[in-house]
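Each value in this text was obtained by applying a stated rule to the coordinates, not by laboratory testing. In this text the structure is predicted, and so the values were computed from the model without any measurement. All Cβ positions, even for glycine, are placed from backbone atoms using ideal geometry, and neighbour counts span all protein chains on display.
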Amino acid sequence: MEQTYCEKQTLPVLGQTDVVVLGGGPSGVVTALAAARHGAKVVLIEKNSILGGLATAGHVCLFEPLCDGYGRQVTSGMVEEMFFRSIQYSYNTLPERWTKGKIEKSNEIDTKEYMGGQGRFATLFNIPAFMLAMEESLQEAGVEIWYDTLFCQPIMEGEVCQGVIVENASGRSVLACQQLIDATGACLAFHRAGADCATYKNRFTFECMDTNFQRMQAAIDSGNMQKAIFWRILGWNPVVSDPNQAHEFEGLTAQDINEYLYLSHKVALDFLKEQDSSYAILSMPTMAQIRMIRRIKGLYEMKPEDVFQTMEDSIGCVSDWRKPGPVYEVPYRSLFVKEFSNMAAVGRNLSAQDDTWDIMRCYPGAMTTGQAAGTAAAMAVKQGIGLRDLPVAQLQDALQKDGVILHIPQK
Ligand SMILES: Cc1cc2nc3c(=O)[nH]c(=O)nc-3n(C[C@H](O)[C@H](O)[C@H](O)COP(=O)(O)OP(=O)(O)OC[C@H]3O[C@@H](n4cnc5c(N)ncnc54)[C@H](O)[C@@H]3O)c2cc1C
């Protein structure tokens, strides 16, 4: 029989805020920023000691495209703002045609090895520079960031979340809120509140930053610092590896995540042993690089057939980072489940079937959902309703005023 232990504790309630955002990854940062700019009091809970999630702690330093691959920009608003923030204080690899006068110098390089084609509205960014820029944005907007704080459990009363239990150096405590946004990347709040969720089996990848004498010399010769730092991608390529040999990871248990991390470190060490003294690893990820973990089964599930379809409740457009052409309108309904009225799932937690999930999880999609949820949360607070029940036309009006392209632009 499985052994259990019943924990009984009286927890202090630390306070009440309008909006709690769980997770300071790309989607959580934009959610918090949008909510604060629309007048809400916001607390952002992050278990790491930096913002950015997979974009920083996870060493995924490529901002996927805001264009459709045929020269049309399809994603805008705060995604575009964050795109330029990601390269504001360091190098970029943005093609000249997309700089919009917002950066002094385009350091366009051959990004073919990362993104299957050149010329798109995409860029590599420097990880610490992006992290610091995100924190600066949130501080300017008045968002309270609780670093080194673990979200443990939502406190539910029927369909309404009343607050969250968190744990940090001060102990375990409760933070009450009116709206809760789950940006944990593993749908932890929805799952722990009992929502039905979908999961995924992921191939193994290990990405780190490294350099060698040759790259350092190339940087010096060209005056382009980016050339000194290489985004090394190791792991199992599904095309060349034998799928029967490759263990797949779900990221749903502590054991699975630990196995992923052990394997990451082994792969890095094996690679390091093959190098000579001109080589150095510069930095390694501090979170498991698992692509899709858990997502809600929402009021609407995005699917491949939605490509180029008009969504009446669209909150923005997102292109396929893998190839030029396909564009999707993101329905507001994909952020909600029928059971809970004041909780939204953003980033890679949103409701989208496998292939569309793969598109939507990247930064343009993750941040698009963040801007919508954050804006809606602030508006819902003012109206005393759950953000799921906000009339979508009101939200769309606000998003459009904030520069979001709601529908696929006509050719
Ligand atoms: C190998 C790999 C390669 C990728 N390549 C690209 C790429 O080139 N370009 C691109 O745009 N995207 C890429 N992606 C996808 C992208 O990185 C993620 O999908 C994106 O970061 C999702 O953002 P998010 O905010 O939803 O989640 P995350 O980035 O996962 O952020 C979640 C945050 O929540 C925090 N958190 C989790 N649990 C708790 C808790 N209990 N309490 C407090 N905080 C918590 C985490 O610490 C983290 O900061 C890649 C992903 C992987 C794994």
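Points worth noting:
- Dipole check for the stretch 31-186: with +1 at the C-beta of Lys and Arg, -1 at the C-beta of Asp and Glu, and the Cα centre as origin, the magnitude is about 300 Debye.
- For Q153, the residues whose modelled amide H falls within less than 5 Å of its own, excluding neighbours fewer than 5 places apart on the same chain, are I165.
- In the stretch 1-79, the chymotrypsin sites (Phe, Trp or Tyr not before Pro) that fall in loop regions by DSSP, at most 14 other Cβ within 10 Å: Y5, Y70
- Euclidean distance between Cα centres, the stretch 18-49 to the stretch 158-232, Å: 13
- Scanning residues 5 or more positions from I315 or on other chains, those with amide H under 5 Å from its amide H are V330, Y332, with H placed 1.01 Å from N in the peptide plane.
- Cβ-Cβ distance of I233 and E167, R₀ of 35 Å, FRET efficiency by 1/(1 + (r/R0)^6): the value works out to about 0.55.
- In plain terms, the residue of H407, H191 with the fewest other Cβ atoms within 10 Å comes first and the most crowded comes last, giving H407, H191.
- Extension gain, Q410-K303: 0.36 nm per intervening residue step, less the Cα-Cα distance, totals 36.3 nm.
- Residue pairs, from the table K201/K411; K266/K303; K100/K323; K102/K227; K47/K100, whose Cα atoms sit over 27 Å apart: K201/K411; K266/K303; K47/K100
- Longest DSSP-loop-exposure-free segment, GluC sites (Glu not before Pro), the chain, at most 10 other Cβ within 10 Å: 105-273
- Full extension of the chain between Q88 and E157 gives 20.5 nm of extra length, using 0.36 nm per residue less the Cα-Cα distance.
- Table column - 3J(HN,Hα) (Hz), the stretch 151-159, Karplus curve with 6.51, -1.76, 1.60, x for Gly and Pro: 6, 10, 7, x, 9, 9, 10, x, 8
- The alpha carbons of the chain give a radius of gyration and a Dmax of 21.0, 67 Å, in that order.
- For the chain, the membrane-span-like helix rule (DSSP H, alpha carbon extent of at least 18 Å along the helix axis, mean Kyte-Doolittle at least -1.0) picks out 127-141, 254-273, 363-383; this says nothing about an actual membrane.
- Projected label distance in nm at D196 and Q400, using a 7 Å step from Cα toward the beta-carbon: 3.5
- Trypsin sites (Lys or Arg not before Pro) within the stretch 308-390: DSSP coil, no more than 14 neighbouring Cβ in 10 Å: K338
- For I296, net neighbour charge (Lys/Arg +1, Asp/Glu -1) across residues whose Cβ lies under 15 Å away: +4
- The chain: most fluctuating residue of T369, T17, T31 per GNM, C-alpha cutoff 10 Å: T17
- Per residue of the chain, the DSSP helices (runs of n ≥ 4 H) give a summed -39500 (n - 2.57) that works out to -8500 deg cm²/dmol at 222 nm.
- Centre-to-centre, using Cα atoms only, the stretch 68-110 and the stretch 336-411 are separated by 23 Å.
- Applying 0.36 nm per residue to the separation of E7 and I220 and subtracting their alpha-carbon distance, the gain on full extension is 70.8 nm.
- Neighbour cut-off at most 15 other Cβ (10 Å), DSSP loop, chymotrypsin sites (Phe, Trp or Tyr not before Pro), the stretch 255-336: F308
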